[in-house]
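Step one of this worksheet: look at the structure below.
Since every read-out is calculated from the coordinates, none of them should be taken as a lab result. Keep in mind the model is a prediction, meaning the values are calculated, not measured. Ideal geometry is used to build each Cβ from the backbone, glycine not excepted, and the neighbour counts take in all protein chains shown.
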Amino acid sequence: MKLVIVPANPAAPHFAGEVSGIDLTQPLAPQQISAIEAAMARFAVLAFRNQVLTDDQQIAFTRYFGPLEQATGDIVQGEARRLPMALNDISNLDREGNIRARDDRARLFGLGNRLWHSDSSFKTIPARFSLLSARQIPGQGGNTEFGDMRAAWDTLDRATQGEIRGLITHHSQLYSRELLGFPFTDAEREQWAPVRQRLVRRHAETGRLSLYLSAHIGQIEGMPTPEARALLRDLTEHATQRERTHAHVWQQHDLVMWDNRITMHRARPFPADQVRDMRRTTIEDEAPSLQQGG
Ligand code: OGA
Ligand code: MN
């Protein structure tokens with residue numbers, strides 16, 4: 001089998017690739033891993049079709065790219081969890097495998113994924129890569145969209161670039177869910193105190209600058225809140241213009257991998273009475289964005 005990596009959309013060859021000629025259930029050779037790393041640095045998003053993975057196989061593949069993050073950002077913890085802590089549960093199922101009710105708290109929390117975001121930007125050390133495996137998909141809807149934050153930075157006007165270059169943002173799941181009116185408990189409020197990140201960051205592998213945006217941002221240091229939020233809305237709107245986004249249309253057993261340092265993503269709606277079972281493994285970044293040079 002020969003590893004082949006091509007643009008997912010030949011008309012937009014710089015963002016999102018498709019990988020074939022690899023079986024992710026098997027141990028991989030160092031050359032295969034470095035080819036995937038290089039393709040990630042180029043495309044930022046990679047899709048692997050037809051990878052029938054167990055949880056352990058997904059975890060084993062993920063570990064080639066760095067330390068595994070634990071699912072401490074999930075709202076469902078302890079006994080109530082359906083999946084081990086190495087996996088983020090991106091499904092609409094409960095522990096027994098039943099579809100969650102419309103007003104189920106975990107389902108409503110999960111709707112936060114419909115907002116453009118970068119994974120775990122609310123953690124001091126945020127996510128490097130995310131790997132999402134489609135175990136069961138609905139009959140319609142449920143695409144995942146990705147935005148290229150390098151292109152978003154490159155296409156900003158000079159004046160705006162200069163104004164925002166050194167800004168520090170505050171990220172919390174409280175801010176993203178507040179946008180949807182999600183009711184948190186006092187304990188959750190304490191647990192998800194905001195963390196600081198750069199608004200503009202440099203990508204370690206390519207040296208390119210990118211906009212580090214996320215629905216989890218609620219404040220910009222030194223800026224009045226309404227002004228900060230108005231600016232964040234403008235930047236997000238700019239960053240997610242159609243020509244800088246890619247929609248992944250899922251097939252069962254796809255695995256999609258993205259670089260959270262240079263992309264945002266969001267889930268699209270699907271019928272509430274159909275199963276969507278997606279499982280995400282996540283690689284931690286090497287250091288807080290504040291320590292990575294701007
Ligand atoms: C995620 C996520 C989007 C989707 O897994 O981090 O945001 O379409 N998923 O489920
Ligand atoms: Mn996500």
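General remarks:
- Euclidean distance of C-alpha centroids, the range 87-128 and the range 220-294, integer Å: 13 Å
- Most positive-pole-ward Cα, A106, T185, L132, against dipole of the chain from beta carbon charges: L132
- Largest-first ellipsoid semi-axes for the range 59-210, taking √(5λ) over the Cα gyration tensor eigenvalues, angstrom: 29, 19, 17
- All C-alpha to C-alpha distances of the chain, sorted into 5 Å bins beginning at zero, yield P(r) values of 1, 5, 12, 17, 19, 18, 14, 9, 4, 1, 0, 0 percent in whole numbers.
- CD proxy at 222 nm, helix term only [per DSSP H run n ≥ 4: -39500 (n - 2.57); per residue of the chain; nearest 500]: -6500 deg cm²/dmol
- Fewest-first sequence of E190, E37, E18 by Cβ atoms within 10 Å of each Cβ: E190, E37, E18
- Dipole in debye (nearest 20) - the range 97-235, about Cα centre, beta carbon charges: Lys, Arg +1; Asp, Glu -1: 320 debye
- Relative exposure of F122, F15, judged by other C-beta atoms within 10 Å (fewest first): F15, F122
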